[in-house]
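Only the coordinates and a few stated rules stand behind these numbers; no lab work does. Predicted, not measured: the structure shown is a model, and the values here were computed from it. FYI the Cβ positions are ideal-geometry reconstructions off the backbone, even for glycines, and counts take in every protein chain you see.
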Amino acid sequence: MQKQAQATTLPEPRDPFQTLFGRLFGDSLAEFYGTPQSTAAPRTNIAETETSYELSFELPGLEEKDIHVDVHDQTLKVTAERKDEREVSGKRWHRIEHRYGQFTRTISLPHDAASGGIEAVYRQGVLSVTVPKAPESRPTKIQVRGA
């Protein structure tokens, strides 16, 4: 009887940090933050008052000069860019989850949103944009008089 030679494969070397992070977080971080290939759009809250629409965008770690807000044809567009300024010399990265590059969010505004008087304020990682409603679309109280 002839013995057949079996191919021996060596196990892949395991990175201890990768193993630790995989055990602790698994794919939950990728699900929460998205994959690096996913389109980066900042998380947004939108509220309405009698006089305006209030939008807030999560944009942590940016400077005001890196954020741009434009309105055109009833569409609000927020664009920001985070530059990758990591020190790479002498380091071996085990995980990179910070997002770098351009972030864009486009919101269609309702027909009663006024394009003038829009205010944008960036504070503590949150961009707050207030879009006033057109005066003619705001509720008006009518005084009822007796005859």
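The charge dipole of segment 38-137, taken about its Cα centre with unit charges on the Cβ of Lys, Arg, Asp and Glu (plus for the first two, minus for the last two), comes to roughly 720 debye. Here segment 38-137 has an Rg and Dmax of 16.4, 62 Å, counting Cα atoms alone. Fully extending the segment from T51 to T104, taken as 0.36 nm per residue of separation minus the present Cα-Cα distance, adds 16.4 nm.
Between E87 and D66, the simple spin-label model (points 7 angstrom out along Cα→Cβ) gives 1.8 nm. Report the FRET efficiency, 1/(1 + (r/R0)^6), for S128 and E97, where r is their Cβ-Cβ distance and R0 is 25 Å, rounded to 0.05. It comes to 0.45.
Under 5 Å from the amide H of A134 lie the amide H atoms of A113, A114, each residue being 5 or more positions distant or on a separate chain, with H modelled from the backbone and absent for Pro and chain starts.
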